[in-house]
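Peer 1: Provided herewith is a single structure, encoded as structure tokens, for subsequent inquiry.
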Amino acid sequence: MHKTVEKRRAWIWLIILLILFIFISYFAFSKQPKHYPNYVSDSPSPTGVKAFYTYVKDKKEVKRWPLSPENLPKKEDKYLLLMVEPFFIPEKEEMEAYFEFMKNGNTILLFHNNPKGMFDLEIEHIGAETYIGKDLRVSDTRGTSYRADLRSSIRLQTNVQDKILLEDEAGTLAFQRSIGKGQLIVSNSPEWLTNGSILSADHLPLILSLINEEEHTSILYDEFVHGVQNSSTILTLYPKWFLLLLLQGVLIAILWLIARGKRFGPIFIPREESVRFSDEGIRALSAWYIRGRRYRESLLFQADYVKLLLQERWGIPVSKEWKDLSAPLERKWTNISAHEINTFLNELITILQKENVNKQEYLLWSKKLDRLRKEVEES
């Protein structure tokens, strides 16, 4: 009877803990603010571009493009692909697909603080901080003056065939380059498109002037360069309530197994099953030699073992004395000189003929023999 009451109490406490866990998890999940990467088209944060995307969508045909550039339209439909501050430089095959997209008559509009490494673009750094700041003067091809915030410390290098679209006193801010039948338009000011800056100064007119530079039927906003294709995780694929139930189910299963008497931990093999096949005997024998100060006998055994290896690996007979091994060792032991080999053999013969070997000599020659052993085994 007493055991039944104790068991009921345990289950009551378990249910109470699960209810508390549900409430805590619900409020913890619901209060977490959603994190948005910079420059993505669905981000309402100050660093996102949702305001710009919504504005353009009301005026033109626009959609997000999360796929790799190999899947871009192959027809000459005058698409405008908008790339805003890519998070990475695409691979060679992907860059070739972008070039092919432009050669078919489409346009790519790239906003990038530092576009070096993409589309064979080159940049130049400016030294004066007077060209970086808020509400600075920017001019277009017609000489019209705009006010803009400039945060980039670089300017774009252009070729003779390029058309400069925007510039300031420090250099080129945006230009246009022909690629096959299409166009590449580059700007070094992606912050103009962000929610926190699009309505500042003359950013919106500047952006629209670049977008309207070439005729196009529709706009594709490239989310592939923001890693959208790799953003699907278990937290995004399944709703939070399902993940919460799944976690609770795992906890209930673990508690049920514990209640049934299951135990988790390492499996210990009985000692009598492994001691027979271990090296405990060798360790005990070596400890016996050291405690008994039988250093000379240990060196003799070690030297005989090395001789056995010399016969097995290098074909040097065991019957040969150490003094006769100079020539064979010089042919096989190539990483040390003949003089060192002769010195080694003479000193080894001397130490093996001594009646009493102290601990220092034993440790020294044990290391030397072990070095020769490793040389023979690894050859």
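Peer 1: Are there any pairs, at least 6 apart or on different chains, whose C-beta atoms fall under 7 Å, with the first in the stretch 29-47 and modelled with pLDDT under 85 and surrounded by 10 or more Cβ atoms within 10 Å (Cβ to Cβ) and the second of a type in the set (Phe, Trp, Tyr) and in a loop (DSSP other than H, G, I, E, B), and if so, which?
Peer 2: Every condition considered, the pairs that remain are Ser43/Tyr36.
Peer 1: Please go through the stretch 290-345 and pick out each residue that is on the phi > 0 side of the Ramachandran plot and touching a residue at least 12 places away in the same chain (Cβ under 8 Å).
Peer 2: Passing the criteria: only Arg293.
Peer 1: List the strands (runs of 3 or more DSSP E) that sit entirely inside the stretch 122-232 and contain at least 2 residues that are polar (S, T, N, Q) and either out of contact with any Gly (no Cβ under 8 Å at 6 or more places or on another chain) or more than 18 Å from Val49 (Cβ to Cβ) (or both). Outline the logic, then answer.
Peer 2: Numbers: elements: 123-125, 133-140, 145-150, 154-156, 163-168, 171-179, 182-187, 218-222.
Answer list for the stretch 122-232: 171-179, 182-187.
Peer 1: All but one of (1) surrounded by fewer than 16 Cβ atoms within 10 Å (Cβ to Cβ); (2) over 15 Å from Ser189 (Cα atoms); (3) touching a strand residue (DSSP E or B) at 6+ places or on another chain (Cβ under 9 Å) hold for Glu91; state the number of the condition that does not hold.
Peer 2: (3)
Peer 1: Here's another thing I want to ask about it. Which residues, taken from the stretch 74-103, are over 21 Å from Ala174 (Cβ atoms) and either part of a helix (DSSP H, G or I) or without any contact (Cβ under 8 Å) to a residue 40 or more places away in the chain (or both)?
Peer 2: If the condition is that a residue be over 21 Å from Ala174 (Cβ atoms) and either part of a helix (DSSP H, G or I) or without any contact (Cβ under 8 Å) to a residue 40 or more places away in the chain (or both), then Lys74, Lys75, Glu91, Lys92, Glu93, Glu94, Glu96, Ala97, Glu100, Lys103 are the ones that fit.
Peer 1: Kindly indicate which of Ser145, Ser200, Ser153, Ser209 is surrounded by fewer than 16 Cβ atoms within 10 Å (Cβ to Cβ) and not aromatic (Phe, Trp, Tyr).
Peer 2: Details: Ser200 fails: surrounded by fewer than 16 Cβ atoms within 10 Å (Cβ to Cβ); Ser153 fails: surrounded by fewer than 16 Cβ atoms within 10 Å (Cβ to Cβ); Ser209 fails: surrounded by fewer than 16 Cβ atoms within 10 Å (Cβ to Cβ).
On inspection, the qualifying residue turns out to be Ser145.
Peer 1: Suppose we filter the stretch 145-191 for residues that are touching a residue at least 60 places away in the same chain (Cβ under 8 Å), more than 14 Å from His203 (Cα to Cα) and not aliphatic (A, V, I, L, M); how many remain?
Peer 2: 4
Peer 1: Could you check the stretch 105-115 and list, in sequence order, the residues that are assigned to a loop (DSSP other than H, G, I, E, B) and farther than 13 Å from His216 by Cβ?
Peer 2: His112, Asn113, Asn114, Pro115
Peer 1: Shifting gears a bit: All but one of (1) free of Cβ contacts under 8 Å to residues at least 60 places away in the same chain; (2) farther than 25 Å from Gly48 by Cα; (3) among the charged types (D, E, K, R) hold for Lys116; state the number of the condition that does not hold.
Peer 2: Failing condition for Lys116: (2).
The values are calculated or read from the model by the stated rules, or taken from the named source; none is laboratory data. This structure is a prediction, so every number in the text was calculated from the model and none was measured. Here Cβ is always computed from backbone atoms with ideal geometry, including for glycine, and neighbour counts include all displayed protein chains.
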